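To start, I am sharing the structure in question, which I have written as structure tokens.
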Amino acid sequence: MRLYSATFVILASLCGTVAFAQSAGQVELKIEPSNRTLSVSAEEQVTADPDTAILHVGFETAPSDAQGAYAEGTRTSNAIVAALKQAGLQESAIHGESQRLDRDYTVPKSHKFKLVQQWTVTTDPAHVALVLDAAVTAGATVSGEIEWTIKDPAALDAQALEKAAARARGDAAVLAKGMGVRLGALVYVSRSSVPQMMPMQGRVMAMAKVQNDQPLAIEPGKVTRTATVCAVYAIE
């Protein structure tokens, strides 16, 4: 994405109206129509394979009286947590997300209840299918949403920002040369970064193993970071 302008009107929409001094003691510089300036905006993105998967696991019991729903939920909850640990997860990787006893409103004037519980589970992307399989086999009937992420998103942000800054500098030089002017000093720069995770859409309500007892095939999504740099240069 490339946007060019040598006018203050476009500059104001891209970079905002600015008034600043580059360092203490310098005369304040105001960007206004009388200035000879050139502005560029450049966007770049970088993509990486995830090194972390955040899996959402949960269940809800069949409608019953409050005590029955609670008892069944307790058995299912303990079974799921035990299965997750048996699958190789440490207790620190299993985080309770929510738990509640809900009235069953599917039947009018019903006095039935169901216990609902959810966890977020952090694991290696290579193991997420096995972990999901273990949870569902133990009774996790509302499970399967996955967030793909990385342990060091700041590094990916820096890569995207560096690429956007290089694009902005290069575009400014090309634009100045094409217009027959000399590119001067950088007088203003701004940036923004946008994380773009790619979660697995939807939830697995129930899962049956395929032949040979293989778990569900899950392909990890990508992790993307986008950075935009807006730069203003003086024209000599």
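Given the residues Thr141, Thr122, which is the only one that is under 21 Å from Asn78 (Cα atoms), of a type in the set (S, T, N, Q), touching a strand residue (DSSP E or B) at 6+ places or on another chain (Cβ under 8 Å) and not in a strand (DSSP E or B)?
Working: Thr122 fails: not in a strand (DSSP E or B).
Going through Thr141, Thr122 in turn, the sole match is Thr141.
Among Thr122, Thr106, which is modelled with pLDDT of 90 or more and either under 30 Å from Leu216 (Cβ atoms) or touching a helix residue (DSSP H, G or I) at 6+ places or on another chain (Cβ under 7 Å) (or both)?
Values: Thr106 fails: modelled with pLDDT of 90 or more.
Of Thr122, Thr106, the one residue that is modelled with pLDDT of 90 or more and either under 30 Å from Leu216 (Cβ atoms) or touching a helix residue (DSSP H, G or I) at 6+ places or on another chain (Cβ under 7 Å) (or both) is Thr122.
Residue check, Val189 against (1) at pLDDT 90 or above; (2) surrounded by fewer than 13 Cβ atoms within 10 Å (Cβ to Cβ), all met but one. Which one?
Only one criterion in (1) at pLDDT 90 or above; (2) surrounded by fewer than 13 Cβ atoms within 10 Å (Cβ to Cβ) is unmet by Val189, namely (2).
Any idea which of (1) outside any strand (DSSP E or B); (2) touching a Leu at 6+ places or on another chain (Cβ under 7 Å) is the one Leu89 doesn't satisfy?
Status for Leu89: all satisfied but (2).
Here's something else I'd like to know. Scan the range 49-67 for residues that are among the small types (Gly, Ala, Ser) and modelled with pLDDT of 95 or more and jot them down.
Pass one, the range 49-67, residues among the small types (Gly, Ala, Ser): 53, 58, 62, 64, 66.
Answer for the range 49-67, where residues must be among the small types (Gly, Ala, Ser) and modelled with pLDDT of 95 or more: Ala53, Gly58.
Going through the range 127-170 one residue at a time, which ones are in contact with a helix residue (DSSP H, G or I) (Cβ under 7 Å, 6 or more places away or on another chain) and open to solvent by 60 Å² or more (accessible area, probe 1.4 Å)?
Within the range 127-170, Thr137 is the sole residue that qualifies.
Filter the range 174-189 down to residues that are touching a residue at least 12 places away in the same chain (Cβ under 8 Å) and of a type outside the set (A, V, I, L, M) and give me whichever is farthest from Ser41 (Cα to Cα). Explain how you work it out, then say what you get.
Of all residues in the range 174-189, those touching a residue at least 12 places away in the same chain (Cβ under 8 Å) come to 175-176, 179, 181-189.
Still in the running and of a type outside the set (A, V, I, L, M): 182, 184, 188.
Numbers: Arg182: 19, Gly184: 17, Tyr188: 12 Å.
Restricting to residues being touching a residue at least 12 places away in the same chain (Cβ under 8 Å) and of a type outside the set (A, V, I, L, M), the top hit is Arg182.
Shifting gears a bit: With the requirement that a residue be under 39 Å from the mean Cα position of the chain (by Cα), open to solvent by less than 50 Å² (accessible area, probe 1.4 Å) and hydrophobic (A, V, I, L, M, F, W, C), what does the range 174-184 give you?
Hits for the range 174-184 are Leu175, Ala176.
Just one of Ala83, Ala87 is open to solvent by 40 Å² or more (accessible area, probe 1.4 Å), within 23 Å of Val136 (Cβ to Cβ) and either of a type in the set (Gly, Ala, Ser) or more than 33 Å from the chain's Cα centre (by Cα) (or both); which is it? Lay out the reasoning, then the answer.
Working: Ala83 fails: open to solvent by 40 Å² or more (accessible area, probe 1.4 Å).
That would be Ala87, the only listed residue that is open to solvent by 40 Å² or more (accessible area, probe 1.4 Å), within 23 Å of Val136 (Cβ to Cβ) and either of a type in the set (Gly, Ala, Ser) or more than 33 Å from the chain's Cα centre (by Cα) (or both).
Mind listing just one residue for me: the one in the range 57-76 that is touching a Gly at 6+ places or on another chain (Cβ under 9 Å) and buried (at least 22 other Cβ atoms within 10 Å of the Cβ) and, of those, farthest from Arg100 (Cα to Cα)?
My answer is Val57.
The values are calculated or read from the model by the stated rules, or taken from the named source; none is laboratory data. All values reported here derive from a predicted model rather than from experimental measurement. Cβ coordinates were reconstructed from backbone atoms using ideal geometry, including for glycine residues, and neighbour counts include every protein chain displayed. Surface accessibility is based on the protein's heavy atoms, side chains included, excluding ligands, DNA and RNA. Shrake-Rupley method; radii C 1.70, N 1.55, O 1.52, S 1.80 Å.
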